[in-house]
Amino acid sequence: MTPQPPNKTAKVYLGLGGNQGDVTANFLAVAASLKQSPVISWLRASSIYHSKPWGAGEHDLSAQADYLNQVVEIETELSPTALLQSTQTLELLAGRDSNAERWAARPLDIDILLYSDKEISLPQLTIPHPRMCERAFVLVPLLELDAALNGPGRKSFTVALKRLYLQYPDARPEKAAKANAQYAQGVSSQT
Ligand code: ADP
Ligand code: MG
């Protein structure tokens, strides 16, 4: 049998979010786990941002706690679907209820935002993440990591974000000062 060529390394951006329990500790656990993986190289993480619950009109989100959000940049040889399995395992480890409805509060959400410049449309996985350009809490940390980043087809995230800014008056890391201090302390003790 001819050996399979190794997968090419992909640059991946993951969008992290959560609004239940110690979300910053969950973000730190994600960093620790990605750093330990033999098939993932950790590159960097954005600041943590604070945002209001977001979702479809028919769901009453007013009772939900505010969210923390972060974007992390990694490289991996995992295929997109294998990476989704890994990120879903991390969500479950953080205590996420896999049967909860889509807009429910959650301790950890991990979205695969970008996988190099691939466009993927599978029943369980769409990349770029289909709602990323409607969410300033995703675009702000993403552009913090790379202000010149474009999506597949040279889609400009900066232009997408300009349309959203008014929705996101809290788009400053200082608004999540406590979370950022906790993260900085935790991450400094990771190898
Ligand atoms: P959202 O991330 O929009 O808040 P959920 O996290 O509840 O919604 O959605 C989870 C489902 O989304 C998973 O079952 C997963 O198969 C699917 N999904 C589709 N595309 C992606 C992606 N790019 N990253 C993560 N999950 C995705
Ligand atoms: Mg998700």
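Look at region 150-178: where a residue is within 13 Å of residue 51 (Cα to Cα) and modelled with pLDDT of 85 or more and a partner is assigned to a loop (DSSP other than H, G, I, E, B) and of a type outside the set (D, E, K, R), sitting 6+ places away or on another chain with Cβ atoms under 8 Å, you get 173/47; 173/48; 176/47; 176/48. In region 48-66, the residues that are more than 24 Å from residue 22 (Cβ to Cβ) and at pLDDT below 85 never reach a residue that is of a type in the set (A, V, I, L, M, F, W, C) and crowded, with 16+ Cβ neighbours inside 10 Å with C-beta atoms less than 6 angstrom apart, at least six apart or across chains.
Each row is one residue, and each column tells you yes or no for (1) closer than 27 Å to residue 146 by Cβ; (2) among the acidic types (Asp, Glu).
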{"position": "19", "(1), (2)": "yes, no"}
{"position": "24", "(1), (2)": "yes, no"}
{"position": "27", "(1), (2)": "yes, no"}
{"position": "44", "(1), (2)": "yes, no"}
{"position": "54", "(1), (2)": "yes, no"}
{"position": "78", "(1), (2)": "yes, no"}
{"position": "94", "(1), (2)": "yes, no"}
{"position": "103", "(1), (2)": "no, no"}
{"position": "109", "(1), (2)": "yes, yes"}
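Testing residue 117 on (1) within 13 Å of ligand 1 (Cβ to nearest atom); (2) farther than 21 Å from residue 52 by Cα; (3) not basic (Lys, Arg), one condition comes back false. Which one is that? Every condition holds for residue 117 apart from (1). For region 120-154, filtering for residues that are within 15 Å of ligand 1 (Cβ to nearest atom), among the charged types (D, E, K, R) and either in a helix (DSSP H, G or I) or over 22 Å from residue 81 (Cβ atoms) (or both) leaves 2.
The rows are residues; the columns are (1) basic (Lys, Arg); (2) over 23 Å from residue 47 (Cα atoms); (3) surrounded by 15 or more Cβ atoms within 10 Å (Cβ to Cβ).
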position	(1), (2), (3)
88	no, no, no
97	no, yes, no
109	no, no, yes
115	no, no, yes
121	no, yes, no
132	no, no, yes
136	no, no, yes
139	no, no, yes
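Close Cβ contacts (under 6 Å, 6 or more residues apart or on different chains) running from residues in region 101-123 that are closer than 15 Å to residue 15 by Cα to residues that are near ligand 2 (Cβ under 9 Å from one of its atoms) and assigned to a loop (DSSP other than H, G, I, E, B) comprise 111/129; 113/129.
Counting the residues of region 134-191 that are more than 22 Å from residue 14 (Cβ to Cβ) and β-branched (Val, Ile, Thr) gives 1.
The values are calculated or read from the model by the stated rules, or taken from the named source; none is laboratory data. Source: prediction; values computed, not measured. Cβ coordinates were reconstructed from backbone atoms using ideal geometry, including for glycine residues, and neighbour counts include every protein chain displayed.
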